[in-house]
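Below: one structure, written as structure tokens.
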Amino acid sequence: MSHHDHQTCIAACYACADACDHCATACLSEADPKAMARCIALDMDCAQACRLAAGFMARGSALDSDACRFCAEVCEACEAECEQHPMEHCRACAEACRRCAEACRAMAARPPGRATSAGTHAAH
């Protein structure tokens, strides 16, 4: 996997984290934010999972595939929740989650890289 592939997935992770943060904040401004509690919680979890995966990839961690696999699962759960709501912020979040899950699944499926003694990949 090339450095470009990592950069593409990192960008998708950060875009998703931003969309999730925006969605959570917008959900809190809805007429009945309590009804949006699951969406808000998944938005927060997803944003955190995306930042975690991006950090693992940026460092070239030998565990970045595992982080990406986890991130994809959280993104898929958040996407499914957001798709249940008609608000534009939820629709945009669902789309960002779908793109991130696809990018992370691709990263998780790649063959593992050679790890250095520090636990990072020797080459990208």
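FYI, it's all coordinate maths here, none of it is from the lab. Here the structure is a predicted model, which is why all the values come from computation and not from measurement. Note that we place each Cβ from the backbone using ideal geometry, even for glycine, and neighbour counts take in every protein chain shown.
See the values below:
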quantity	calculated
Odd one out for residue 82 among (1) of a type outside the set (Ser, Thr, Tyr); (2) surrounded by 24 or more Cβ atoms within 10 Å (Cβ to Cβ); (3) closer than 20 Å to residue 10 by Cβ	(3)
Residues that are surrounded by 21 or more Cβ atoms within 10 Å (Cβ to Cβ), within 14 Å of residue 9 (Cα to Cα) and not polar (S, T, N, Q), drawn from segment 57-79	57, 64, 67, 68, 71, 72, 75
Pick from segment 1-56, criterion of a type in the set (Ser, Thr, Tyr) and either within 15 Å of the chain's Cα centre (by Cα) or crowded, with 16+ Cβ neighbours inside 10 Å (or both), ranking: farthest from residue 93 (Cα to Cα)	8
Check on residue 106, in contact with a Cys (Cβ under 8 Å, 6 or more places away or on another chain) and surrounded by fewer than 23 Cβ atoms within 10 Å (Cβ to Cβ)	yes
Residues satisfying the stated conditions in segment 18-70, i.e. of a type in the set (Lys, Arg) and in contact with a strand residue (DSSP E or B) (Cβ under 9 Å, 6 or more places away or on another chain)	59
